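Written below as structure tokens is the structure these notes are about.
The values are calculated or read from the model by the stated rules, or taken from the named source; none is laboratory data. Bear in mind the structure is a predicted one, so any value in this text is a computation, not a measurement. When we count neighbours, we look across all protein chains shown, and the Cβ atoms used for this are built from the backbone with ideal geometry, even at glycine.
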Amino acid sequence: MKATSPLIQYLKAMAHPDRLRILAILRKGPACVCHLQRLLNRPQPYISQQLRLLRQAGLVSARRQGQLVFYELTELGQLRWMDLLLRSAVPALPRRLSGCPCPTCHPNPRKRSPKRLRRRI
Ligand SMILES: [Zn+2]
């Protein structure tokens, strides 16, 4: 097996605590860099570097939505064994953060009124 084989790249991409955390966050839904930055308490270039490695390994893809770029798991990143691994290896992380300006933490108030949002929670 060559050192550059897709499987080696895939496993190497996951062999890092912060990249595992990023995958665990994305397992719950797409997130933008500012959200990941706050959750992991790391600077933006660091997060971007980790996301680049995850994208190169085919685990994560990027999607532009307005001015923000959202990252999400690819089909490969959603494999069942990955799910089991992340659930046991990474402690639960909050989905919403206070003080984070991203749309995940602050859904558009025009789409969902605070009343409806409160009822849903
Ligand atoms: Zn956020």
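Yes/no per residue for (1) buried (at least 17 other Cβ atoms within 10 Å of the Cβ); (2) of a type in the set (S, T, N, Q); (3) farther than 19 Å from LYS12 by Cβ:
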| site | (1), (2), (3) |
| --- | --- |
| GLN37 | yes, yes, yes |
| SER48 | no, yes, no |
| LEU73 | yes, no, no |
| LEU76 | no, no, no |
| ASP83 | no, no, yes |
Could we say that SER88 is exposed (fewer than 12 other Cβ atoms within 10 Å of the Cβ) and closer than 13 Å to ARG27 by Cβ here? yes
Note: among ALA15, ALA31, just one is touching a residue at least 24 places away in the same chain (Cβ under 8 Å) and either under 19 Å from GLY99 (Cα atoms) or exposed (fewer than 12 other Cβ atoms within 10 Å of the Cβ) (or both), namely ALA31
Exactly one of LEU73, LEU68 is over 21 Å from ASP18 (Cα atoms) and at pLDDT 85 or above, and that residue is LEU68
Assess whether ARG63 counts as being in a helix (DSSP H, G or I), more than 15 Å from the ligand (Cβ to nearest atom) and exposed (fewer than 15 other Cβ atoms within 10 Å of the Cβ).
no
ARG87 fails exactly one of (1) of a type in the set (Lys, Arg); (2) more than 12 Å from the ligand (Cβ to nearest atom); (3) touching a Leu at 6+ places or on another chain (Cβ under 8 Å), namely (3)
Checked pairs for segment 87-115, first closer than 24 Å to ILE22 by Cβ, second within 16 Å of the ligand (Cβ to nearest atom) and modelled with pLDDT under 80, C-beta under 8 Å and 6 or more apart or across chains, list as THR104/ARG95; PRO107/LEU117
Taking segment 25-50 and keeping residues in a helix (DSSP H, G or I) and within 15 Å of the ligand (Cβ to nearest atom) leaves ILE25, LEU26, VAL33, CYS34, HIS35, LEU36, GLN37, ARG38, LEU39, LEU40, GLN44, ILE47
